[in-house]
Structures are given as C-alpha cells and as structure tokens.
Amino acid sequence: MNSAGILAASAMGGFPLVARAAAGESAPARTASASSVHRIILDTDPGVDDALAILLALRSPELKVEALTPVAGNVPLDFTLPNALKLLELAGRTDVPVAAGASTPLVRRLVTAKAVHGNNGLGGVELPAPKIRPVSETASELIRRIVRANPGEISIVAVGPLTNVATALRADPGLAQMIRSIVVMGGSLSHGNATPAAEFNFYVDPEAARIVFDAGVPLTMVGLDVTRKALARQEHLKVLDAAKTPVCDFTAKILRATMARWSKDGGQSVALHDPLTVASLVDPEILKLRDFYVLIETSGEASAGQSLGYSGGRCAGPLRWKRRHPRNPPKPSGQMRKSQWKWTQSVSSGFCWGGW
Ligand code: BDR
Ligand code: CA
C-alpha cells in the first residue's frame, strides 16, 4: 500500500481558448523553459481517450514525451501498438520511440472495453497503416533503460492497465528509487465502471496495480471520482470541426463515435479520463489533491481491482494500513485552485493549436 494524492471535484465553466481557435485567431504560443519541462513515459492502451491524451502530451511544451509504451487493455495489443504508431504519425512526432508492452495482464485473462472504444480502439475511425516500427526492446526494458539513464528525472504517466509498469518494477528492484513520480489514471474512491467496485484499468490487472501502488514511488491517482466530471461536450466537437486540421478532424470523429456508442446522456458528452490525467501534469494546479493510503484489492470475487482509500488516523486493522513509506509520507490536503475551464483550456490547446 502506498499513499496517493487523489482526485479533485470541479465545476463547469467556459473554454475561451477553444473559442479563439475556432474563430481562426492564432493562439498565444505556450513555452516552457528547458529546466521546467517534465519528462514523461506515457504508458497507454489507445483507446479513444488515450489517443486524446497522447496528442495532448505531444502538443504540450510543458512535457517531453520520452517514449510511448502501449499495453493491452481497451483492445488487444495487436491494436494498441499500431494505434500508438499511427497517432505519432498523425501528430508528426515519429521521433518518439514506441516499445511493445504486455499482451496479457500479469496473471489474468485480458478483459477489453471494445464496447466503449470500438473493435479497433479508435471508435472505428481508421488511420493509415503506420510506416514507423516499434523499437526492438520491450516496454519494460525501455522503461528501465530510460529511467536508469536519467535517475530522478522521469515520471511515468500510466493511463492503461498497469502491467508494463509493474513488470518493469518487478524486474528491477532498484528502479522505484529512480522514478520521479507515477501518475495513474485509474481507480475510484466511490464506485467503479468495470464493476460496481472497480475502475476498468485496475479491474483488468489488479495484481499489477497492487505492485505499482506498493512500490514506494510518489504516486498520484487520478480516479473516476474526478475524471467522470471531465466531459467533452457537443460544443467542443463544433470547435474541433471548425479548426479543419487533420488532428482536430480525427479527434472530433473519435469523440463523436464514442458519444454515439457509449454516452450516458444521449450522445451529449463523453468523459476524458486519460486527457485529464495528462493535463494534471501540464498544469498541476488543475486538480485538488488529497493524501490517502490506497490498498488495491486483488482477491475478492466481486471486489477485485477496487481501490480502497484511507485518510484517517491510526486504525486497528492489519499493519499494512499503518505503514508509511519514508519516501512518500502523507501530506496535508490541498485546496481547489482552478475550475474546469482551466482544464478544458489545457486539453483544448493540445488538440487545436499550432496548425494541427
Ligand atoms: C479508463 O479505462 C479506459 O477505458 C480508458 O481509456 C481509461 O483509461 C477509464 O476507466
Ligand atoms: Ca486508457
């Protein structure tokens, strides 16, 4: 178990920079000094919202994407791997290495989310077959090599099942001490979406989630409690349509397909779980974080993949609930600093700016 900064509630507001992009005005270029750029490995199972998260990360000057490491999740690896390559080509970022990750969870049979993401993982929207190839290393090997070459510098942003990250940590016991932070889209402190108890990414590979949460790396869990509130709506689609660029066209198509397939409100909105997770690094003030000890349930018939959060004082349960990892002691609760319009602003900038 580990302590994890978690979630933020937020209220809906406007999205001024999207409107500006739609009006054809040039958006102010955002820059980041070399020393403030956050270097990340993006571990992902694209996936409609993963695709948007990848595009956002690639487009954000605050982030440097060192690698994409696709994993089986929303759809099998046979799709998530080529999807990652296709998205890099769409974004003109073929410089980013891609390494094939795990095709199955650590011990379980793969469960996918084709009903949400379509059979190809991109809502049925087709991109050209990729010309670029993955590197010869596995995802676990590439994660270890990049982190070991840059101790304390690299954060892992994981927006799929945690199989690749757990495999790397298990293969290399010294690795955890060298990772700057892990930011996870997954889990919930309320109810799940794969089962009443479990969020999808943790449900697919609970054993991997347990390994990652217990590794002692500073960890932020961006769970359903907040990502459910991060909604793309019809008005965002209109803005994307108006931009008339290949990336915005593609983004609008996959969002539209997902709204039609899976929206809970008659096709009006879809939750952007993974983009919010990336956005929390682009602008760390977007989310209000609280500290919890988090235990990932691995054994329950109905509760496998559940994330149990505990923020109280001492409790009389098993010792693990009281353990405080020296690298990651609980911190005081933060306060909400920005409302959702700021989030939408950051996310939109990833899709629409800069001639994409
Ligand atoms: C998570 O599950 C996947 O379907 C999404 O891509 C996201 O990472 C939300 O529960
Ligand atoms: Ca995902």
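Derivation of every value follows stated rules applied to the coordinates shown; laboratory data play no part. Keep in mind the model is a prediction, meaning the values are calculated, not measured. All Cβ positions, glycine included, derive from the backbone under ideal geometry; neighbour counts span all protein chains shown.
Please find the FRET efficiency linking ALA34 to GLU235, where r is the Cβ-Cβ separation and R0 is fixed at 51 Å, and quote it to the nearest 0.05. The pair ALA34/GLU235 has a calculated efficiency of 0.90.
Taking the average, over residues, of other Cβ atoms within 10 Å as the packing measure, peptides 105-115, 267-277, 164-174, 40-50 rank 40-50, 267-277, 164-174, 105-115 from highest down. Applying 1/(1 + (r/R0)^6) with R0 = 35 Å to the Cβ-Cβ distance of GLN268 and VAL135, what FRET efficiency is obtained, to the nearest 0.05? Taking R0 as 35 Å, the efficiency between GLN268 and VAL135 is 0.30. Rounded if a/c is under 1.5, else prolate if a/b is larger than b/c, else oblate: which is the range 202-319, with a ≥ b ≥ c the root eigenvalues of its Cα gyration tensor? Prolate, because a/c is 1.5 or more and a/b exceeds b/c.
In this simple spin-label model, placing a label point 7 Å from the Cα along the Cα-to-Cβ direction at both VAL111 and ALA302 gives a separation of 1.4 nm. For ALA260 and GLU126, the difference between the fully extended length at 0.36 nm per residue and the C-alpha to C-alpha distance is 46.6 nm.
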